[in-house]
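Values in this text are rule-based calculations from the coordinates and carry no lab data. Predicted model, so just to flag it, every value in this text is computed and none were measured. All Cβ positions, even for glycine, are placed from backbone atoms using ideal geometry, and neighbour counts span all protein chains on display.
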Amino acid sequence: MDITLTRPDDWHLHLRDGAQMAAVLPFTARRFARAVVMPNLDPPLTTVAAVRAYRERILAALPAGMRFEPLMTLYLTDTTAPDEIRRARADGCIVGAKLYPAGATTHSAAGVRDIGRVLPALAAMEEVGLPLQVHAEATDPEVDVFDRERAFIERVLAPLHERFPALPLVLEHVTTREGVAFVRGAGGRVGATITAHHLLLNRNALFAGGLRPHHHCLPVLKRETHRRALLEAAVSGDPRFFLGTDSAPHPRGAKESGCGCAGIFTAHAALELYAEAFESVGALERLEAFAAFHGADFYGLARNTGTVTLAREGWTVPEDYPFGDARVVALRAGATVAWRLLAVEADPA
Ligand code: DOR
Ligand code: ZN
């Protein structure tokens with residue numbers, strides 16, 4: 001069996017930089033026409049000039065003949081000036097600004113410490129209509145790690161949405177039923193990305209027969225009831241939910257460590273993994289809208305016109321892939337993915 005879809009977009013992606021980026025970029029650029037590229041490099045991309053320079057490096061690393069458009073994001077800090085927001089809006093390639101609570105995740109140390117200090121930047125974003133992409137996790141050490149998303153929504157995100165009702169908001173990589181409920185209940189332009197790994201795995205995958213560092217990501221995997229809520233939202237046809245892989249490659253040694261870092265690499269089979277998740281509930285016919293229409297509509301961008309074709313044909317994921325001078329272990333390494341990418345027709349030039 002084959003399925004052909006409009007060529008999709010990835011609305012949340014980590015590409016890294018340099019030789020690591022060059023190693024992982026082709027996986028995404030082959031499947032997806034566009035991707036929203038996260039700004040959490042080291043140092044983070046806190047200025048429009050730095051974002052533009054990164055975009056040029058991505059385009060330069062693109063293999064000849066591949067048609068792919070990186071959609072860029074600005075990294076918000078306590079000191080982001082409203083003028084920088086206006087510059088970002090005026091720049092055609094920047095589609096949003098990313099709010100990382102300081103200390104929440106990889107390269108977030110320069111993120112937002114005090115939400116009160118970003119209010120001028122958020123007001124400017126609301127004024128110019130620049131979407132806010134939120135890593136929605138409370139960093140208060142008193143909060144249980146599995147409750148961080150819910151706590152952040154209650155303490156920060158819901159009040160923020162009330163204060164700036166016209167600010168377009170994306171709850172990135174939503175992982176809980178409370179997150180889904182927040183999006184559904186919010187008025188205005190509020191959406192959420194959903195990863196393939198949160199659709200396919202629950203938190204048991206972290207401890208299956210022993211500690212599984214390659215299943216560690218942030219927000220961390222949740223219990224089965226949450227996975228089911230995400231899957232239900234993804235296949236519901238609700239346009240507020242769209243594909244965002246959060247594919248986040250790390251060198252093997254940084255994951256298999258006494259303090260393994262967070263991030264699951266899924267770009268090698270991103271669309272194929274979503275197909276598995278949708279198929280598991282008999283909803284393959286809903287995949288196209290989730291993967292190719294909802295995100296573009298949310299961001300006010302044209303839908304793609306090319307196509308991708310997947311075949312229901314299992315293949316074995318390699319034990320690891322080259323990643324600069326290291327290796328990266330992908331989701332399902334050494335095991336089977338049920339769908340294979342068969343053909344891609346890029347949009348006509
Ligand atoms: O698992 C994650 N990895 N979550 C994030 O928020 C960041 C990402 C990364 O950059 O590695
Ligand atoms: Zn991410």
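Details
- Formal net charge of residues neighbouring A338 (Cβ-Cβ distance under 15 Å; K, R +1; D, E -1): -2
- Sorted peptide list for 78-88, 269-279, criterion being average Cβ within 10 angstrom, highest first: 269-279, 78-88
- Computed E for E232/A343 - FRET, C-beta separation, R0 22 angstrom, nearest 0.05: 0.10
- Antiparallel bridges, percent of DSSP beta bridges restricted to the chain (to nearest 5): 35
- Around the Cα centre of region 2-345, unit charges on the Cβ atoms of Lys, Arg, Asp and Glu (plus for the first two, minus for the last two) sum to a dipole of about 220 debye.
- Shape category assigned to region 232-332 from the gyration tensor of Cα positions, a/c cut at 1.5: prolate
- Inter-centroid distance (Cα atoms) of region 41-100 relative to region 161-189, Å: 23
- Least to most buried among K98, K255 (fewest other Cβ within 10 Å first): K255, K98
- Pairwise centroid distance, computed over Cα atoms, of region 279-349 with region 104-155, Å: 29
- Taking every full run of DSSP H in the chain, none both stretches at least 27 Å from end to end by Cα along its long axis and averages -1.0 or higher on the Kyte-Doolittle scale.
- Inter-label distance, A60 to N204: 4.9 nm, where each label sits 7 Å from its Cα along the C-beta direction.
- Global form of region 151-278, assessed from the alpha-carbon gyration tensor, a/c cut-off 1.5: prolate
- Only helices enter the 222 nm calculation for the chain: every DSSP H run of n ≥ 4 contributes -39,500 (n - 2.57), and dividing by all residues gives -8500 deg cm²/dmol, rounded to 500.
- Anisotropy class of the chain from Cα gyration tensor, a/c 1.5 cut: rounded
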